[in-house]
């Protein structure tokens, strides 16, 4: 099997995704768009999602932008993990067999640090750890990468927005350079996105979902992007978003999760600003 096809197949199975930038511009509603390229959970087609290995692999593949998910431990530490539970992407079931359902919020940072977050993906990644957000930020800075940060399950972690912003500030990620073009904060929770905007109006924000067109002006007060399931998008919806201005300029649209060439090309024709995919090499080649 060709390496690219194999990588795409692996990505589809593992749930990794990358936002693809076509080299040609797409037009919607009279506006020229230039999509970002964002490696979802790091280069999760090639390394365990949300690990430092995945960040490094994204850098090796030439992806400047990476996405990650942040949650909070029982003792108040921020860690990088997608699921509310540790069970899928670590060996928590084996190490802590009596602590089902292995929710992140029920474990201390030290307990999570004991876990293997790589063997499930492949033996070469055995021993990979769940990184803290500080470790993750340090690696991004070393790699000169950019970040789309998803605040995951904010309803489980009261105050996580303020805590996350404090850490980002301490790591130097809320200075004018980073705010201009190196950081996006997103969430499925409109309240969480609104809170981030209220606390730090300079941060570029994104809402994950597809609000009704009639509600878009309300979202434009605190969100710069609408990131939607591709099945919910149409040219008219993309144009409706593009017609509005968020806190920092015209609003944008990212579509997820797109794993076939025809869908990716169709969305590019809509003028969608980004395509999130489990088959990054395949989709990137198709859009070029």
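The values are calculated or read from the model by the stated rules, or taken from the named source; none is laboratory data. This one's a predicted model, so the numbers in the text were calculated from it and none came from an experiment. As a convention, Cβ positions derive from the backbone with ideal geometry for all residues, glycine included, and neighbour counts pool all protein chains shown.
Restricting the search to segment 59-78, which residues are assigned to a loop (DSSP other than H, G, I, E, B), out of contact with any strand residue (DSSP E or B) (no Cβ under 6 Å at 6 or more places or on another chain) and more than 22 Å from residue 160 (Cβ to Cβ)? Result: 62, single match.
Only one entry in 198, 231, 221 is loosely packed, with under 14 Cβ neighbours inside 10 Å, without any contact (Cβ under 8 Å) to a residue 60 or more places away in the chain and farther than 28 Å from residue 50 by Cα, namely 221. Condition first: outside any helix (DSSP H, G or I), more than 22 Å from residue 278 (Cα to Cα) and out of contact with any helix residue (DSSP H, G or I) (no Cβ under 9 Å at 6 or more places or on another chain). Can you find one or more residues in segment 82-96 that meet it? Within segment 82-96, one or more residues are outside any helix (DSSP H, G or I), more than 22 Å from residue 278 (Cα to Cα) and out of contact with any helix residue (DSSP H, G or I) (no Cβ under 9 Å at 6 or more places or on another chain).
Comparison of 43, 39 shows that the only residue that is modelled with pLDDT under 90, assigned to a loop (DSSP other than H, G, I, E, B) and crowded, with 24+ Cβ neighbours inside 10 Å is 43. Filtered by the rule that a residue be part of a helix (DSSP H, G or I), under 14 Å from residue 228 (Cα atoms) and more than 20 Å from the chain's Cα centre (by Cα), segment 267-288 gives a lone residue, 270.
Considering only residues that are under 19 Å from residue 204 (Cα atoms), modelled with pLDDT of 85 or more and not in a helix (DSSP H, G or I), which ones fall in segment 232-255? Matches in segment 232-255: 243, 244, 245, 246, 247, 248, 249, 250, 251, 252, 253, 254.
Out of 185, 196, report the one residue that is under 20 Å from residue 274 (Cβ atoms) and more than 14 Å from the chain's Cα centre (by Cα).
On the way: 185 fails: more than 14 Å from the chain's Cα centre (by Cα).
Of the residues listed, the single one that is under 20 Å from residue 274 (Cβ atoms) and more than 14 Å from the chain's Cα centre (by Cα) is 196.
In the condition set (1) farther than 21 Å from residue 41 by Cβ; (2) surrounded by 20 or more Cβ atoms within 10 Å (Cβ to Cβ), residue 273 is compliant with all but (1). For residues in segment 140-189 being free of Cβ contacts under 8 Å to residues at least 40 places away in the same chain and assigned to a strand (DSSP E or B), which is surrounded by the most Cβ atoms within 10 Å (Cβ to Cβ)? Among those that are free of Cβ contacts under 8 Å to residues at least 40 places away in the same chain and assigned to a strand (DSSP E or B), it is 187. Among the residues of segment 79-102, those that are free of Cβ contacts under 8 Å to residues at least 40 places away in the same chain, touching a strand residue (DSSP E or B) at 6+ places or on another chain (Cβ under 7 Å) and surrounded by fewer than 20 Cβ atoms within 10 Å (Cβ to Cβ) comprise 85, 101.
Here the condition is being over 28 Å from residue 286 (Cβ atoms) and out of contact with any helix residue (DSSP H, G or I) (no Cβ under 8 Å at 6 or more places or on another chain); of 176, 211, it holds for 176 alone.
Pick from segment 201-218 the residues that are in a helix (DSSP H, G or I) and touching a residue at least 24 places away in the same chain (Cβ under 8 Å): which of them is farthest from residue 178 (Cα to Cα)?
Start the filter on segment 201-218 by keeping residues that are in a helix (DSSP H, G or I), which leaves 213-218.
Keeping just the survivors that are touching a residue at least 24 places away in the same chain (Cβ under 8 Å) gives 213, 216-217.
Working: 213: 31, 216: 27, 217: 26 Å.
It comes out as 213.
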